[in-house]
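Structure first, then comments.
The values are calculated or read from the model by the stated rules, or taken from the named source; none is laboratory data. Computed from a prediction, not measured in an experiment: that's the story for all the values here. Using ideal geometry, Cβ is built from the backbone for each residue, glycine included, and neighbour counts are taken over all protein chains shown. These accessible areas exclude ligands, DNA and RNA; they are computed on the full protein's heavy atoms, side chains included. Shrake-Rupley method; radii C 1.70, N 1.55, O 1.52, S 1.80 Å.
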Amino acid sequence: MTIPGTALIIGARGGIGRAAAGTLLRHGWRVRGLVRGTAPGGASHPPPIEWVVGDAMDSAAVMAAARGADAVIHAVNPPGYRHWDRLVMPMLENSIAAAQAADARLVLPGTVYNFGPDAGCAPDEDAPQNPLTRKGGIRVAMERRLHDAARGGLRALIVRTGDFFGPGAGNNWFSQGLLGNGRPVRALTDPGRPGVGHQWAYLPDVAETIARLLAREEALERMARFHMAGHWDPDGRHMIAAIRQALGDPDMRVRRFPWWLVGVIAPAVPFCRELHEMRYLWRTGLRLGNARLLGLLGSEPHTRLDIAVHATLQALLQRP
């Protein structure tokens with residue numbers, strides 16, 4: 001069992017970054033958060049976090065923030081998700097260099113986007129990665145870069161999951177797809193094909209999984225990869241039923257997601273283009289299996305769906 005040390009979280013104000021910070025603190029880690037702009041303050045940002053102001057695109061700032069770290073959590077995305085294709089790889093390069101200099105384990109929260117149809121409906125960690133989308137291609141490039149760096153001495157950990165939901169998770173299918181932009185929520189939107197399953201990942205469970213894996217450093221390969229099972233919705237109805245229950249309206253209206261409209265405007269609107277590319281994940285059930293994770297940890301952290309959805313909605317609907 002590894003004695004907790006210092007973890008640098010790059011993107012500590014994002015959904016997975018916040019969840020990881022709180023979880024690692026509970027596990028006894030010293031947590032350092034790299035943030036743009038000004039350091040957070042107030043009750044929503046626990047004082048035990050050591051805040052460092054800097055940009056993930058600034059290699060010197062990332063290197064300085066990682067000094068003395070035992071783990072670097074790469075949980076950063078470009079501001080507003082703009083220029084994702086141009087900024088993601090330079091950010092990752094800075095994290096790799098900083099982790100190598102500190103001899104720290106670099107952690108990358110992964111996704112299902114890097115799997116194409118040839119991976120099958122239940123890809124394991126070694127399944128081929130031949131995505132049909134631009135975002136999937138970038139994800140593949142990120143993982144390949146980690147593999148290359150691992151051959152040069154980097155210790156890396158990739159934890160792949162389904163779609164995120166949870167307190168603090170903003171740009172995701174749960175909050176923007178199923179709930180839409182209306183507050184209060186008066187109707188839900190279903191992007192899935194009836195009868196097709198979909199995989200979800202509750203952020204606190206993802207963070208807990210990362211913490212437990214980091215505690216098993218001596219058992220991790222230099223390039224370690226694990227899949228989480230998360231919450232599997234076998235027919236696309238379980239998540240909607242849980243949201244209805246949490247909102248206290250079991251008969252809340254459900255509309256079909258306007259894929260046709262997204263397809264029409266996709267050529268002119270980059271966000272809609274990326275959205276439309278992800279349509280295949282709602283038309284074909286792709287389910288990550290967690291056999292490798294169970295083999296190491298014995299169990300996967302798993303919050304009951306109704307509890308997870310209630311906590312997520314409570315946080316989302318209390319936002320100003």
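Estimated at the nearest 10 Å², the accessible area of residue 118 is 80 Å² with a 1.4 Å probe. Each Cα pair under 8 Å and six or more residues apart adds its separation to the average, and for the chain the resulting relative contact order is 18 percent.
Full-extension gain between residue 265 and residue 187, please, as 0.36 nm times their residue separation minus the C-alpha to C-alpha distance.
On the way: separation 78, 0.36 × 78 = 28.08 nm, distance 2.33 nm.
Full extension from residue 265 to residue 187 adds 25.8 nm.
The simple spin-label model puts a point 7 Å past each Cα toward its Cβ; for residue 315 and residue 302 those points are separated by 2.1 nm. Per residue, the chain exposes 45 Å² of solvent-accessible protein surface, assessed with a 1.4 angstrom probe and all protein chains in place. Of 248, 54, 15, the residue with the greatest mean-square motion in the GNM of the chain, using alpha carbon springs below 10 Å, is 248.
Taking only the alpha-carbon positions of segment 238-300 and ignoring solvent, what does the Debye formula give for the base-10 log of I(q)/I(0) at q = 0.18 Å⁻¹? With one equal scatterer per Cα and no solvent, log10 I(q)/I(0) is -0.88.
Accessible area per residue (1.4 Å probe, heavy atoms of protein chains only) ranks 309, 196 as 196, 309, with the largest value leading.
Here segment 162-279 yields Rg over Rh of 1.04, to two decimals, using C-alpha coordinates and the Kirkwood radius. Accessible area ranking (1.4 Å probe, heavy atoms, ligands and nucleic acids excluded), largest first, for 51, 200, 260: 260, 51, 200.
Can you tell me the equivalent ellipsoid semi-axes for the chain? Use √(5λ) from the Cα gyration tensor, largest first, whole Å. Before the final figure, lay out each step's value.
Numbers: eigenvalues 185, 97, 82 Å².
Semi-axis lengths for the chain are 30, 22, 20 Å.
For segment 181-221, the alpha carbon positions stretch 49, 27, 10 Å along the principal axes, listed from largest to smallest. Under a Gaussian network description of the chain, with springs only between Cα atoms under 10 Å, the residue in 251, 58, 190 that fluctuates furthest is 251. Taking only protein heavy atoms and a 1.4 Å probe, the accessible area of the chain is 54% carbon and sulfur.
Under the simplified labelling scheme, the residue 38-residue 252 pair shows an inter-label distance of 3.5 nm, with each label point 7 Å from Cα along Cα→Cβ. Centre-to-centre separation between the Cα atoms of segment 276-313 and those of segment 151-192: 11 Å. Calculate, in whole percent, how much of the Cα-Cα pair population of segment 12-161 lies beyond 19 Å. Everything past 19 Å amounts to 55 percent.
What is the extension gain from residue 86 to residue 221, computed as 0.36 nm multiplied by their sequence separation minus the C-alpha to C-alpha distance, in nm to one decimal? Intermediate results must be reported in sequence, preceding the final value.
Values: separation 135, 0.36 × 135 = 48.60 nm, distance 3.02 nm.
Here the segment from residue 86 to residue 221 would lengthen by 45.6 nm.
Contact order, relative form, for segment 228-320: 40 percent (alpha carbon pairs under 8 Å, 6 or more residues apart, mean separation divided by residue count). A Förster radius of 41 Å, combined with the Cβ-Cβ distance separating residue 121 from residue 26, puts the computed FRET efficiency at roughly 0.70. Relative to the longest principal axis of the Cα atoms of the chain, the long axis of helix 305-317 lies at roughly 90 degrees.
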